[in-house]
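Just so it is clear, none of the values below were taken in a lab; they were calculated from the coordinates. Remember, it's a predicted structure, so these values are computed and weren't measured experimentally. Positions of Cβ are backbone-derived with ideal geometry, glycine not excepted, and every protein chain shown enters the neighbour counts.
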Amino acid sequence: MVETAIGLGGFDFSNISEPVTLRFSKEGEQMHLLGDEENTFTKEGEIVYTDAEKLLTLDLNYRDINATKITEKTKDIILFADGGSDIDPKDVISALEKGAEYIVQFCGGEKSEIKLVQ
């Protein structure tokens, strides 16, 4: 998000099986990335988010899978924001708050809890 300088990833939560984990990939894990015709295979050590069943993203929130894309039929959205050693955790929370505010403002609904996982 330009306003906060912290990238956000938005996903259709109904297509995610908790728990969500951030980890390094293994060689050859498979995912169908948004906008791609064919599956992508990971290299060893890429940063991925996974749920209980599948890979969700590649290189933090840079590339997401097709199965969790947000559409006009999406009812529940989960946002991911990635911090780092030089980013204050308060700034990560602020970015998530701002992203959630925009979703509610332009799409309706209500904001749920915001959690910081370190």
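Give me the distance between the Cα centres of segment 1-58 and segment 59-95, rounded to whole Å.
Taking the Cα centre of each part, segment 1-58 and segment 59-95 sit 10 Å apart.
Which one of Leu60, Ile93, Gly28 has its Cα pushed farthest toward the positive end of the charge dipole of the chain, where Lys and Arg give +1 and Asp and Glu give -1 at the Cβ?
Of the listed residues, the answer is Ile93.
What percent does the relative contact order of the chain come to when contacts are Cα pairs within less than 8 Å and at least six residues apart?
Numbers: 191 pairs, mean separation 33.2, N = 118.
Value for the chain: 28 percent.
Once every DSSP H run of n ≥ 4 in the chain is given -39500 (n - 2.57) and the sum is divided by its residues, what mean residue ellipticity at 222 nm do you get, rounded to the nearest 500 deg cm²/dmol?
Working: 1 runs with 19 residues, N = 118.
Here the helix-only value at 222 nm equals -5500 deg cm²/dmol.
Hey, what's the per residue convex hull volume over the C-alpha atoms of segment 8-107, in cubic angstrom?
104 Å³
Nothing charged except the Cβ atoms of Lys and Arg (+1) and of Asp and Glu (-1): what's the magnitude of the dipole of the chain about its Cα centre? Round to the nearest 20 debye. It would help to have the intermediate numbers written out before the result.
On the way: 12 positive and 24 negative charges, 40 e Å.
Roughly 200 debye, rounded to the nearest 20.
What is the helix-to-structure angle for 89-107, meaning the angle in degrees between its Cα long axis and the longest Cα principal axis of the chain, kept from 0 to 90 and rounded to the nearest 10?
80 degrees
Given a cut-off of 17 Å, what percent of all Cα-Cα pairs of segment 50-95 lie beyond it?
Counting pairs separated by more than 17 Å, the tail of P(r) holds 48 percent.
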